[in-house]
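For reference, the structure is listed below as structure tokens.
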Amino acid sequence: MMIVIYILIGILALVILLALIAPKNYEVNRSIVIAKRLPEVFQYLKFIRNQDDWSPWKKKDPNMKQESVGTDGEVGFIAKWEGNKDVGTGEQEILHIEHNEHIKSQLRFLKPWKSISDAYIKVTEIDANQTNVTWGFTGKNPIPFNIFMLFFNFEKTVGKDFEEGLESLKSILEN
């Protein structure tokens, strides 16, 4: 009986240790240079519905159920989706728009797990005909769920999706 108690105490201690050392915050972002004037790039990006044309997640479930609330391209607009296991269920709300600089939104994932992330798209002018676009999001990993991040390369997996999406965006805007 004492051996079982020691094993349980050991497992509990390991979980506590892992929760303490695992990352509690995350940020993933990628950038790309688009051969297009900044105002044109920003005008396209501020509309969340345009993400349907370049988002890697829309490609993973082209039949996802979508609805929206509000006026796209304005603060308060909410795009909702319900998709397959690859895209889950959630919503994105525009929180802040700084004209020709950035769009900030909140991603609320409901399935397959609940989480909230702060998303952003930033644009910076390289020269009169080139714009750098950075797409990313940040969030918190609550204990004990942060332990999962020790065994899953979130940066690499989501980063790959961001790279794919930005390449599609570049192709759309440059053609």
Residues to consider are E82, E93; find the one that is surrounded by fewer than 17 Cβ atoms within 10 Å (Cβ to Cβ), touching a residue at least 12 places away in the same chain (Cβ under 8 Å) and in contact with a Ser or Thr (Cβ under 9 Å, 6 or more places away or on another chain). E82
If S55 meets every condition in (1) touching a residue at least 60 places away in the same chain (Cβ under 8 Å); (2) more than 21 Å from V28 (Cβ to Cβ) apart from one, which number is that one? (2)
Determine whether region 152-169 contains at least one residue that is of a type in the set (F, W, Y), assigned to a helix (DSSP H, G or I) and under 23 Å from A19 (Cα atoms). yes
For region 72-128, what are the residues that are farther than 27 Å from F145 by Cα, assigned to a strand (DSSP E or B) and polar (S, T, N, Q)? T124
Sort out for me the helices (runs of 4 or more DSSP H) sitting completely within region 26-69 that have 1 or more residues that are over 25 Å from E125 (Cα atoms). 56-60
Where F47 falls short, out of the listed (1) loosely packed, with under 14 Cβ neighbours inside 10 Å; (2) within 19 Å of F137 (Cα to Cα): (1)
Would you mention how many residues in region 102-153 are at pLDDT 95 or above and farther than 30 Å from E174 by Cβ? 1
Is it the case that region 107-120 has a residue that's crowded, with 16+ Cβ neighbours inside 10 Å, within 20 Å of G139 (Cβ to Cβ) and touching a Leu at 6+ places or on another chain (Cβ under 6 Å)? yes
Give me a count of the residues in region 53-72 that are under 17 Å from V133 (Cβ atoms) and surrounded by fewer than 17 Cβ atoms within 10 Å (Cβ to Cβ). 1
Residue list for region 111-170, filter: charged (D, E, K, R), more than 30 Å from L12 (Cα to Cα) and free of Cβ contacts under 8 Å to residues at least 60 places away in the same chain: D118, K122, D127, K160
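The values are calculated or read from the model by the stated rules, or taken from the named source; none is laboratory data. Not measured: the values here are computed from a predicted model. Cβ coordinates were reconstructed from backbone atoms using ideal geometry, including for glycine residues, and neighbour counts include every protein chain displayed.
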